[in-house]
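The values are calculated or read from the model by the stated rules, or taken from the named source; none is laboratory data. All values derive from a computational prediction rather than experimental measurement. Every residue, glycine as well, gets a Cβ built from its backbone with ideal geometry; the counts of neighbours run over all protein chains shown.
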Amino acid sequence: MTGTDLLEALSTRGRVVSLLPVVAAGLFITLIVAAGAPGAEPSLHRAWQALRGLSAGQVLLLTLALVVVALLLDPLQLRLVRLLEGYWPARLAIVARWSRERQGKRCERAAKAAKIGDDVSPRAIQEAGARVARLQRRFPDDPDAIRPTALGNALTAMETRAGQQYGWDAVVAWPRLYPLLSPGVRAVVDGQRDRLDALARLATISAATALLTIALLAGSGWWVLVAAIPVAVAGLAYSGAVQSAMSYGEAVTVAFDLHRFDLLTQLHLPLPADIGQERKIASQVSLMWRQGVPAPLSYDHGPAPEAGRVLTRDLLARVRCLASAHRAGSDRPLAGAMRPVS
């Protein structure tokens, strides 16, 4: 990796934020090792003396090593998010089943809490509506789609609800809609996604750091409690990732609201006259993308190409006529030059 490649990798704010968890975890483990772990009783004085003894070259080398490790882990970002969503290996099927049942019970409790009771005052109705909206952002409608984790349920809710009222399947439509977003909408979507990815990485790196800290300080008495620091960071980061996932889902939903007709236009499909026709077209296209089922669609390519060529020739002929009259210095009226050329 050259210096230019490193600078390009660090060129975006989202990438810099993604590097911070790895760098922070590396410095934390370095401090523990400098304190004497494993094998000796940790000492903050020993750690301070060891860190003071590092030369500028050693500090730079350590920093570059941490940055390189962070860049190597960057392609694994999607896998990290999928892991936190609850897509676990088959050998963890029992744990996944227990977690899914636990999340299902949480969904049931949230659904009961969202119901309107005997109080039908405007404030009570408004509060119930807010609880329903939060429930829809946290869990999918289908009980069979419940994931083992809160993050997985928030993202699954987004996948099943974004564009649903218009007939779109967000899973297959979103990769085609995203390139058509306006700069403002794309900035909001990208910002929420970057925040989600950064917090997911922070949660996983902090959890791994906690396990490594326990392994290094296992025989050091109360020093093992230092592992509570990365554990707390992991918990807070995961909670933040769940909130960011709900905000990301809301941003994707808004993107469908504002740009779904742009997708139809780019596909050269006629714009629907009503919501029923829109749902029919969107469901047919989604089914074709998802399962390869041919859709009986009629295209709308706009004005015929021949009409465009005739119009272009007409305009060019008028320009040539005006230019010829100007060069000849003619004092005749130019109105005839503006008549269509047969």
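The set of residues in the range 54-67 that are part of a helix (DSSP H, G or I) and over 30 Å from A245 (Cβ atoms) comprises A56, G57, Q58, V59, L60, L61, L62, T63, L64, A65.
Would you mind finding the one in A173, A187, A210, A162 that is under 30 Å from L20 (Cα atoms) and crowded, with 18+ Cβ neighbours inside 10 Å?
Numbers: A173 fails: under 30 Å from L20 (Cα atoms); A187 fails: crowded, with 18+ Cβ neighbours inside 10 Å; A162 fails: under 30 Å from L20 (Cα atoms).
The conditions single out A210.
Rundown of residues vs (1) modelled with pLDDT under 95; (2) part of a loop (DSSP other than H, G, I, E, B), yes/no style:
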{"residue": "F256", "(1), (2)": "no, no"}
{"residue": "T265", "(1), (2)": "yes, no"}
{"residue": "L271", "(1), (2)": "yes, yes"}
{"residue": "G276", "(1), (2)": "yes, no"}
{"residue": "P294", "(1), (2)": "yes, yes"}
{"residue": "Y299", "(1), (2)": "yes, yes"}
{"residue": "P303", "(1), (2)": "yes, yes"}
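Scan the range 161-216 for residues that are under 30 Å from G36 (Cα atoms) and not aliphatic (A, V, I, L, M) and jot them down. Please lay out each step first, then the result.
Within the range 161-216, the first condition is being under 30 Å from G36 (Cα atoms), and the residues that meet it are 201-216.
If the condition is that a residue be under 30 Å from G36 (Cα atoms) and not aliphatic (A, V, I, L, M), then R201, T204, S206, T209, T213 are the ones that fit.
Residue-by-condition table, conditions (1) under 15 Å from A245 (Cα atoms); (2) out of contact with any Cys (no Cβ under 8 Å at 6 or more places or on another chain); (3) free of Cβ contacts under 8 Å to residues at least 24 places away in the same chain:
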| site | (1), (2), (3) |
| --- | --- |
| V95 | no, yes, no |
| A128 | no, yes, yes |
| T149 | yes, yes, no |
| G163 | no, yes, no |
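Quick one: would you say R138 is in contact with an Asp or Glu (Cβ under 8 Å, 6 or more places away or on another chain) and of a type in the set (D, E, K, R)? Spelling it out, it is not the case that R138 is in contact with an Asp or Glu (Cβ under 8 Å, 6 or more places away or on another chain) and of a type in the set (D, E, K, R). Residues being outside the structural domain of L20 (by TED's automatic domain parsing) and either among the hydroxyl-bearing types (S, T, Y) or modelled with pLDDT of 95 or more (or both) are represented in the range 213-223 by at least one member.
Per-residue answers, yes or no, for (1) touching a residue at least 12 places away in the same chain (Cβ under 8 Å); (2) over 23 Å from R195 (Cα atoms); (3) more than 27 Å from the chain's Cα centre (by Cα):
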{"position": "L31", "(1), (2), (3)": "yes, yes, yes"}
{"position": "S43", "(1), (2), (3)": "no, yes, yes"}
{"position": "L51", "(1), (2), (3)": "yes, yes, yes"}
{"position": "G57", "(1), (2), (3)": "no, yes, yes"}
{"position": "P75", "(1), (2), (3)": "no, no, no"}
{"position": "L80", "(1), (2), (3)": "yes, no, no"}
{"position": "G104", "(1), (2), (3)": "yes, yes, no"}
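Scan the range 190-197 and tell me whether some residue there is under 15 Å from A255 (Cβ atoms), over 14 Å from the mean Cα position of the chain (by Cα) and of a type in the set (K, R). No, because not a single residue in the range 190-197 is under 15 Å from A255 (Cβ atoms), over 14 Å from the mean Cα position of the chain (by Cα) and of a type in the set (K, R).
Yes or no: the range 68-91 includes at least one residue that is on the phi > 0 side of the Ramachandran plot, small (G, A, S) and not in a helix (DSSP H, G or I).
yes
Only a single criterion out of (1) surrounded by 16 or more Cβ atoms within 10 Å (Cβ to Cβ); (2) in contact (Cβ under 8 Å) with a residue 40 or more places away in the chain; (3) over 30 Å from K105 (Cα atoms) is not satisfied by V224, namely (2).
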